[in-house]
Structure formats: C-alpha cells, structure tokens
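Report on one structure; see the data block that follows.
What follows is calculated from the coordinates using simple rules that are stated; it is not laboratory data. Bear in mind that the values here come from a model prediction, so they are computed numbers and not experimental data. All Cβ positions, glycine included, derive from the backbone under ideal geometry; neighbour counts span all protein chains shown.
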Amino acid sequence: MVLIVSDAHLGEGPADSARHEERTLVRCLKAHQARVTHVYLLGDLFDCFIEYRHVVPRGFVRLQGLLATWADRGVEITYLAGNHDPWHRTYVRNEWGAQFVQESVVATHFGRRLYLRHGDGLSRSAQPYRRIKPLLRHPVPTALYRWLLPADVGMGLARWVSRQYGGKPPSLHAAGEVRALAHTILRRTPIDMVAMGHTHIADLQSWPAGHYINAGCWRDDRTFARLDARGLHLSHWNGWAAEEVDAVLF
C-alpha cells in the first residue's frame, strides 16, 4: 500500500494544537503500518522549515521518529517540497532515510505510472509567486539567508511571513486549474495517475486518459490518499479509523 499525505502544516498555531496535529497524523500512519510500502509527503508537511548546517527546527520528533523507523525497516519515504517547506538540505536523507525532491517525481506502483508534485505555482492566479519561486529555491539566495540570519532570527522571520502571506489557501478556481493541468499531463504523457496537494481541496477524478487525486489538506480536513492493487482511494481519518470518501477501482 502507498500512502499520500499533503499539507499538514505542522507548526502553525499554538504549540498544544501543533502537538495534537502531530499525534493525530502519527495515529493515522500507525493504523496502516502493517501494509504500507511507500509514503509520499506531498509538501507543506511543516508550515515552516529551514534547515541550517547544524540546526533544524525543534518539534515533531514523534512523527520524524516513526518515519525514520519505517525507513529502517524498508518502507520508502519520499518527501516533495511544498511552498512552505522547501529549504531542506541533508537532514531528511541522513536522519530519516528518506528521499527529498524539490519539484516532481514519477514512480511505478502496481504496474501503473504515477506522477507526483506539491502543485504550487501551477495556476494562473499564482503568477506572482511563480515569478519569485526560482529565486526562493536557488542555492545562492537560500545560502545567503542562512548565513546572514541566525537560526532563531531566520526561522522567526519565515514564520512571520508565513502568517502574513501564507495562510490563505488557493481558491476553487485555482483548484480547477490544477485539476485541468493534471488532465493535460495524463493526455499528453505516458502517465496513468497524477497526485498533487497544495489546493487544500480533496479531489478524485477519473478520465479515459487516467486518474487524478488531490490528497487535500490534512490540517483542515484529515484527508489523505491510498493506492493499492485494488485502486486509488481518497480517505478521511475520523480519529480512530480511515473512512473511504471516494475510490477508483482498477
């Protein structure tokens, strides 16, 4: 079984709320641990994450420990950067045993090709962000940010920017544009399924060209995606178990 989770935004809000969010996600993951073979974290796992050479943000060790334990036993973990948490260096790879990907990845599961990415900067309404995104991920300005601003200052500034400008989720129109782009990818490339996040709107669509799933926003709705030999599933965690919201059966 493949699990796909997006937009947990851990670290947003008060510390007690953040710990509750973490524990809820850990419970959901543990409920699937007997069958899971691969976990995709489709960006914005953390609301803000800047890795310095010798320092990483504090907190969420229960989740990180679980993922590292899974990686040790052979579960593959792939972490795709979101617009809130792209400034990772080697910590995810060296300490978790996970793969960190900046843009997109194509993988084959159960004989089907799956294209995954966070989904930021794809809609027309995201044009301003799309213009500055290369700068935000370029190694030179990111290195200068780390060098000029000590960890507490750098993280504090990033969290302030996230609160001021990052709290508004994409619109329904933007979500429709991302869905349309997924349809285009399916029609024009040898891809069977597309999985994205970012829009904060869970979605499952099936066309003759293939299938599109958006894992939605874990923070707000507790939705996530599952892929197994039977099909592609959009699920909701009710606090004790996973409930199927929609599915495409193969």
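Here are some notes:
- Near residue 109, the amide H atoms lying under 5 Å from its own belong to 114; only residues 5 or more places off or on other chains count, and H is placed 1.01 Å from N.
- Amide H contacts of residue 247: 234, each under 5 Å away and 5 or more positions distant or on a separate chain (H built 1.01 Å from N in the peptide plane; Pro and chain starts excluded).
- Loop trypsin sites (Lys or Arg not before Pro), the range 11-107 (other Cβ atoms within 10 Å of the site Cβ: 14 or fewer; DSSP): 35, 53, 58, 73
- Measuring spread by the Cα atoms of the chain yields a radius of gyration and Dmax of 17.4, 52 Å.
- Simple label model, 7 Å out from Cα along Cβ direction - residue 30 to residue 157, nm: 4.0 nm
- Counted over the range 51-123 with a bin width of 10 Å, the fraction of Cα pairs per bin, in whole percents, is 17, 44, 32, 7, 0.
- The spacing between the range 197-250 and the range 7-57, judged by their C-alpha centroids, is 18 Å.
- When the chain is treated as a GNM with alpha-carbon contacts under 10 Å, the residue of 185, 132, 50 showing the greatest mean-square fluctuation is 132.
- In Hz, Karplus ³J(HN,Hα) per residue of the range 144-160 (6.51, -1.76, 1.60; θ = phi - 60°; x = Gly, Pro): 5, 4, 5, 6, 7, 10, x, 4, 4, 5, x, 5, x, 5, 4, 5, 5
- Under 5 Å from the amide H of residue 8 lie the amide H atoms of 45, 218, 219, each residue being 5 or more positions distant or on a separate chain, with H modelled from the backbone and absent for Pro and chain starts.
- Converting phi to 3J(HN,Hα) with the Karplus coefficients 6.51, -1.76 and 1.60 and the offset θ = phi - 60°, the range 217-228 yields 10, 4, 4, 8, 10, 6, 9, 7, 10, 10, 10, 9 Hz in sequence order, with x at every glycine or proline.
- Estimated [θ] at 222 nm from DSSP helical runs (n ≥ 4, -39500 (n - 2.57)) normalised by residues in the chain, nearest 500: -10500 deg cm²/dmol
- Rounded to the nearest 20 debye, dipole of the chain from Cβ charges on Lys, Arg, Asp, Glu: 500 debye
- Mean Cβ neighbour count within 10 Å, used as a protection proxy, ranking 211-221, 75-85, 151-161 highest first: 211-221, 75-85, 151-161
- For the range 53-65, putting each phi into the Karplus relation 6.51 cos²θ - 1.76 cosθ + 1.60 with θ = phi - 60° gives couplings of 4, 10, 9, 10, x, 6, x, 6, 6, 5, 5, 5, x Hz, in residue order, rounded to whole numbers and with x for Gly and Pro.
- Only beta bridges with both residues in the chain are counted; by DSSP, about 55 percent of them are antiparallel.
- Legend: calculated FRET efficiency, residue 55 to residue 144, from the Cβ-Cβ distance at R0 = 22 Å, rounded to 0.05, equals 0.85.
- Positive-end residue of 206, 182, 229, charge dipole of the range 100-250 with Cβ unit charges: 182
- Proximal charge balance of residue 227 [Cβ under 11 Å; K/R count +1, D/E count -1]: +1
- Cα lying deepest toward the dipole's positive end in the range 2-249, options 119, 45, 60, charges on Cβ: 119
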